[in-house]
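The values are calculated or read from the model by the stated rules, or taken from the named source; none is laboratory data. The shown structure was predicted, so the numbers you read here are calculated from the model rather than taken from an experiment. Cβ atoms come from the backbone with ideal geometry, glycine included; neighbour counts cover every protein chain shown. Ligands, DNA and RNA are excluded from the accessible area calculation, which covers all protein heavy atoms including side chains. Shrake-Rupley method; radii C 1.70, N 1.55, O 1.52, S 1.80 Å.
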4 protein chains.
Amino acid sequence: MDLSLYTVRTDLALEARELAEAANQGQSIPGVISESSRENGIRVTKIHVMNEEGSRAINKLPGHYITLEVPALRQKDSSLQNRVATKLAQEFALFLEELGIPKLAKVLIIGLGNWNVTPDALGPLVVENVMVTRHYFELVPDDVGPGYRPVSAVAPGVLGTTGIESSEIVQGIVEKSNPDLVIAIDALASKSLERVNTTIQISNTGIHPGSGIGNKRKGLTQETLGVPVIAIGVPTVVYASTIVNNCIDLMHRHFQEQTSQTGQILGLLDSMQEEERLQLVKEVLDPLGHDLLVTPKEIDQFIEDIANVIASGLNAALHEAVDKTNVAAYTH
Amino acid sequence: MDLSLYTVRTDLALEARELAEAANQGQSIPGVISESSRENGIRVTKIHVMNEEGSRAINKLPGHYITLEVPALRQKDSSLQNRVATKLAQEFALFLEELGIPKLAKVLIIGLGNWNVTPDALGPLVVENVMVTRHYFELVPDDVGPGYRPVSAVAPGVLGTTGIESSEIVQGIVEKSNPDLVIAIDALASKSLERVNTTIQISNTGIHPGSGIGNKRKGLTQETLGVPVIAIGVPTVVYASTIVNNCIDLMHRHFQEQTSQTGQILGLLDSMQEEERLQLVKEVLDPLGHDLLVTPKEIDQFIEDIANVIASGLNAALHEAVDKTNVAAYTH
Amino acid sequence: MDLSLYTVRTDLALEARELAEAANQGQSIPGVISESSRENGIRVTKIHVMNEEGSRAINKLPGHYITLEVPALRQKDSSLQNRVATKLAQEFALFLEELGIPKLAKVLIIGLGNWNVTPDALGPLVVENVMVTRHYFELVPDDVGPGYRPVSAVAPGVLGTTGIESSEIVQGIVEKSNPDLVIAIDALASKSLERVNTTIQISNTGIHPGSGIGNKRKGLTQETLGVPVIAIGVPTVVYASTIVNNCIDLMHRHFQEQTSQTGQILGLLDSMQEEERLQLVKEVLDPLGHDLLVTPKEIDQFIEDIANVIASGLNAALHEAVDKTNVAAYTH
Amino acid sequence: MDLSLYTVRTDLALEARELAEAANQGQSIPGVISESSRENGIRVTKIHVMNEEGSRAINKLPGHYITLEVPALRQKDSSLQNRVATKLAQEFALFLEELGIPKLAKVLIIGLGNWNVTPDALGPLVVENVMVTRHYFELVPDDVGPGYRPVSAVAPGVLGTTGIESSEIVQGIVEKSNPDLVIAIDALASKSLERVNTTIQISNTGIHPGSGIGNKRKGLTQETLGVPVIAIGVPTVVYASTIVNNCIDLMHRHFQEQTSQTGQILGLLDSMQEEERLQLVKEVLDPLGHDLLVTPKEIDQFIEDIANVIASGLNAALHEAVDKTNVAAYTH
């Protein structure tokens, strides 16, 4: 059995760690350090993949991963959105500090994804809402007040509409505009419907081939771009097969509370490893063209809200002059 | 056990009949007559619910239902789209004739649903693309060429954004504008992911409370509006629970081909009635907020394509002067 | 000479009064009372047309007209926008009181104009952003907190896309939903480019045939709807001929400061009455198809900003429970 | 008097030549060769600026300029649009041939301008509608049929929203993707309201600082990009001052037909040089903030139509396999 086929791929380190712990009978994973806190409806988890051993165990590159989980984020609550943006700003500013990024480092924000496909438009929407300042530093440097740094922002499009790998476009822009840091925003595929538009992941490991939901097959990394790359990802879609697999898992837990005979109810599905079961579900759905990527019906509103949260958070994190107590006021 | 709770509700007569036949060991249903044909990738099924017996059996009102199924409709094939629009035009024109609607009957097209929620925007998009002529008949009647009839079109919005039941708005408009026939376009919830944006249902039974995906709780029917109402519906969303239930059903069939012991693999899930199983899935997903309505990632494109197909089909069906061989040319 | 041909038509009472005063050698007009104040970059003028004499003199119906002029409103200053919304809320609430509209009177907001033509989309955009509550009063009356009143909101479309006069649609909706007051939002044609998207007029005289920039030929008035109608209008477009005429007028004033011989410079243009000159300009431009309605290049942003100002102002004016000090927080 | 201040700047060679000829008492300009033809409502003019003398005379770089003038293009006539696209395809293909661009030369299409400002969105809209093929040549070269060439397309954004000069972004993309030819699409400011959205200019002289309506201050030229650059420009906006100046000019001609005493009517305005008069108009309007860039009210529709015409024309011109007789079928 080729295990690689059976791997449950996830873009979230949080989910990868959970999967690894589940496979490890709930034991923590050597080489992976986690810390978690919850406040005001926002759960922040930091996962540090310390070495190759940890990396192999959870199938994530060594590096730092911060996850904000906000289950209520889909409920159009603008005061919660403001709190999330504020928390994001604080965590992001701290992250930059811990990574040793200087306060005036020049930043290029890259919004990956496709304008015209709503669940893939997160990156371009953030770019549209973020405050750019680089041109003031270039054209009227003496007029720029203290507390700002040069920020630029580009949405490079996707291979299917430009004909060029977005990584190539970004490389070209980096070479011409010379940022000190790239921040790449991307929509992700989730392993669970509940995460869609409720989870934000920040990491310092860049964007890698095969990640995300668009055609971004070449990476955006320190190796390819020559400067550090921080990725911000939000799950916006989920495979139909994932929904099914998730639900069988939930059924398992549901019946476990009532009986020890869950196998009677769920048959072999009950005892299968998650990866094996997902593979089975895919085998059934795929040939029928049923394994579509799906997104919640209200995606238009969700994507706009979360793009605003990220843009607001970045504005406050990147510019000291931006008031950190009412971050939303600076986006459109 | 309250069976009504366990009813698998579907907006499509086609699915309702299949469910009833399945429950009836594959036997056809008394009081329900069906005919089906397939051509050029388009399957047309006509279901006639002849009497109360048939109506009770499949849980659909007596009346006529035409379904166009076009599995390839999601593949951005503009020549297929044109063929579907042409077929829709022919079937719709025939339907009007069979219902005894006069050639010059005045038509009001109602686009139900919400502009700002992509999978619910089908109705408003059709209204935007359809050819309206009523004002020419009112203002410059002598300038209207032969082969046209008075057509008007309104998107009344949804309760959540107007504060008024769309049925009340439509009643008001009908009373003021005096059409002879109302055609109501609506996005539906599907019982199956494969039908989403691939199936078009036409019926003469109006729009009923609880149907569709928006808040359209009062009906649009001959009783409420005083004129015949033809409904055109397209499934654009599906519940997560439906996807899961469907998949378990597909697994059942998948294993049946290989073994007689499907119960071993799927446990009690295997022997449950579909309705019971769906209820179980809902019980597991609902409390966790996981039973979302979802839509394919590419919904922006799909909804625009199918709205064009319907608008083109209606233009050709309603106006004799519109060339039936290249229907797409008349929409924007 | 048929003077009616030469009338400079304007939708703004402010401009009508200025024209009349200019024709009257700067004397005030009998039957027309005006008061004006300026604060914080916002000039508020109230014009009361007291009787038929005043009405004939300024070619406006008897009634009350409030104008907010905010020259800086096009500068994307969100704090100014918030101040204007707050001022609008106060003036509108006071206006309702003075007109004797009860605090709990049911309100229907009508957004006239065309979604798909940006400078004509003001009304539909306000409808989209306004807070509707009528359905709560209908469906869950016991859950509605104090300080709210029933508000509904509909964008009826324009004749060219619906085939039905918007006045007929509104009449039908009024009859079915029984509001006590109608507020109609409309985009206007301005007599001056500087007013475009900087001026808001409120009046209690309804909407009349021929006003505005769309095809809204039948009026929305107390006579046609049976309830009071308050109109809110914003100039969003201007005729090319108006721009020219304005400029010649500005030239006249420009040279007047330097010389008494303005006639040498501007020839007969200098001594013509404004109306005669405008007619001349139209005679030159019209046959060439040059007398287009134009709008500033940045109309997308302007129209969104001013629609938000109006929606915010209405939310605060109509519901006592809405915080009048930060009105913008209640719109999307 | 600093004449440079008084120069009537125009992006169209056609207008530049007319200005120069007017200043030259209607005589043709040495070093400038023109040819013109008209067919089916489309006037095609080719201007060849042969040398420095011609260049200085009309203030345009040496090179070739093709202009399509279609006064009826604003009338939503889809069959005319199709004819214009077909004509554009033929002229563009011929132009490539005359410039010696090989049939399989790799092409990069650059859509300059701002997505979110309708009259400046021409470039991005063309990019969205054009057929890209480069990735097929890169990824599955054996699957590409004959008659296609590698085409890529990028909308680099504008300085105000990216913080980076679009010329820098384009340089980076050119270096990474190695096209043989760049085609740059841009919205222009017109010298005349009648040209707005009715005129298309093609030239081989690239894009130059100060042209266009956005902030594209560094050029896209063979010098900066290392490959030939063909520019396609459409006037989409006009200054208020231009409208006024134009109208005074039209008045002059209007009265000339009736009297020899035009000076009596128009005063000094009559005898001023066009450039002097425009300067005067600007002096009057500018300080009052009245000299806005304006665009016709119907710009949303116009810009979409002309973007489709250009995208269709380019698809047919660039790929031999595209049917030249029905070019519109290939765009969305």
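Note on surface exposure: D:Tyr148, B:Tyr136 rank B:Tyr136, D:Tyr148 by accessible area, highest first, 1.4 Å probe. Annotation for the range D:107-158 versus the range C:64-132: alpha-carbon center distance of 42 Å. With semi-axes defined as the square roots of five times the eigenvalues of the C-alpha gyration tensor, the equivalent ellipsoid of the range D:218-289 measures 37, 16, 11 Å, largest first.
Each semi-axis of the equivalent ellipsoid for the range C:150-298 is √(5λ) with λ an eigenvalue of the Cα gyration tensor; in descending order they amount to 39, 16, 13 Å.
Do the alpha carbons of any pairs in B:Lys76/B:Lys103; C:Lys218/C:Lys282; D:Lys60/D:Lys106; A:Lys218/B:Lys191 sit beyond 31 Å of each other, and which pairs? Pairs exceeding 31 Å: B:Lys76/B:Lys103; A:Lys218/B:Lys191.
In nanometers and ordered shortest first, the copy-to-copy spacing of the B:Asn24 label point, defined 7 Å from Cα toward Cβ, is 5.8, 8.2, 8.8.
Determine the shape class of the range D:106-178: with a ≥ b ≥ c the square roots of the Cα gyration tensor eigenvalues, call it rounded for a/c under 1.5, and otherwise prolate if a/b is greater than b/c, oblate otherwise.
Working: a/c = 3.55, a/b = 1.80, b/c = 1.97.
Oblate, because a/c is 1.5 or more while a/b does not exceed b/c.
When Cβ neighbours within 10 Å are restricted to other protein chains, what is their mean count per residue of peptide B:117-123?
Numbers: counts 5, 6, 6, 3, 1, 0, 0.
Mean partner shielding for this stretch: 3.
Counting only Cβ charges, +1 for Lys and Arg and -1 for Asp and Glu, the dipole size of the range A:22-97 around its Cα centre is about 300 debye. The residues of the protein assembly as shown expose, per residue, 39 Å² of accessible area to a 1.4 Å probe. Based on the Kirkwood radius over alpha-carbon pairs, what value in µm²/s does the Stokes-Einstein equation return for the translational diffusion coefficient of the protein assembly as shown at 10 °C and 1.306 mPa s? Answer, rounded: 47 µm²/s.
Rounded to the nearest 10 degrees, the angle from helix B:166-177 to the longest Cα principal axis of chain B is 20 degrees. Computed with every protein chain present, the accessible area of B:Thr236 is close to 0 Å² [probe 1.4 Å]. Here the convex hull built on the C-alpha positions of chain D has a volume of 150 cubic angstrom per residue. Share of pairwise Cα-Cα distances greater than 19 Å in the range A:1-152 is 68 percent (whole percent).
Our coupling estimate for the range D:183-194, obtained by passing each phi through the Karplus curve with A = 6.51, B = -1.76, C = 1.60 and θ = phi - 60°, is 10, 10, 9, 8, 7, 10, 8, 9, 8, 7, 4, 5 Hz, Gly and Pro reported as x. Each residue was assigned an accessible area with a 1.4 Å probe, and for B:Trp115 the value is about 80 Å². Volume per residue for the range C:61-151 equals 154 cubic angstrom (convex hull of Cα atoms).
Express in % the proportion of alpha carbon pairs of the range A:119-231 at distances exceeding 19 Å. Before the final figure, lay out the partial values.
Working: 3181 of 6328 pairs.
Distances greater than 19 Å cover 50 percent of the Cα pairs.
Put one equal scatterer on each alpha carbon of the range C:8-82, apply the Debye formula with no solvent term, and list log10 I(q)/I(0) at q = 0.24 1/Å to two decimals. Normalising to I(0) and taking log10 leaves -1.04. Find the centroid of the Cα atoms in the range B:167-198 and in the range B:251-315, then give the distance between the two in whole Å. Using only Cα atoms to place each centre, the spacing works out to 24 Å. Just to be sure I understand: if you take the accessible area of chain B alone plus chain C alone and subtract the pair, with a 1.4 Å probe, what total do you get in Å², rounded to 100? For chain B against chain C, roughly 2200 Å² becomes buried.
Going by alpha carbons, how many degrees (0 to 90, nearest 10) lie between the helix axis of A:13-23 and the longest principal axis of chain A? So the helix axis and the longest Cα principal axis differ by about 20 degrees.
Enter the mean number of other protein chain beta carbons within 10 Å of the beta carbon of each residue in C:235-247, as an integer. Provide the component values of the computation, followed by the final result.
Numbers: counts 0, 1, 3, 4, 1, 9, 2, 1, 11, 10, 2, 6, 13.
Mean number of neighbouring Cβ atoms from other chains: 5.
Label the range C:81-126 by shape, choosing from rounded, prolate and oblate, from the square roots a ≥ b ≥ c of the eigenvalues of the Cα gyration tensor; if a/c is under 1.5 it is rounded, and otherwise prolate applies when a/b is larger than b/c, oblate when it is not.
Working: a/c = 3.51, a/b = 1.61, b/c = 2.18.
Oblate, since a/c reaches 1.5 and b/c is not below a/b.
Explain nothing, just the number: dipole magnitude of the protein assembly as shown about its Cα centre with +1 on each Lys and Arg Cβ and -1 on each Asp and Glu Cβ, in debye rounded to the nearest 20. List each step's numbers first, then the result.
Details: 104 positive and 164 negative charges, 2 e Å.
In total the dipole reaches around 0 debye.
Take D:Ile243: with every protein chain present and a 1.4 Å probe, its accessible area is about 10 Å². If only the Cβ of Lys and Arg carry +1 and only the Cβ of Asp and Glu carry -1, the dipole of chain A around its Cα centre is close to 280 debye. Could you give the angle, 0 to 90 degrees to the nearest 10, between helix B:299-318's Cα long axis and the longest principal axis of the Cα atoms of chain B? The helix B:299-318 is inclined about 50 degrees to chain B.
Per-residue shielding of C:167-179, expressed as the average number of other chain Cβ atoms within 10 Å of the residue Cβ, stands at 5.
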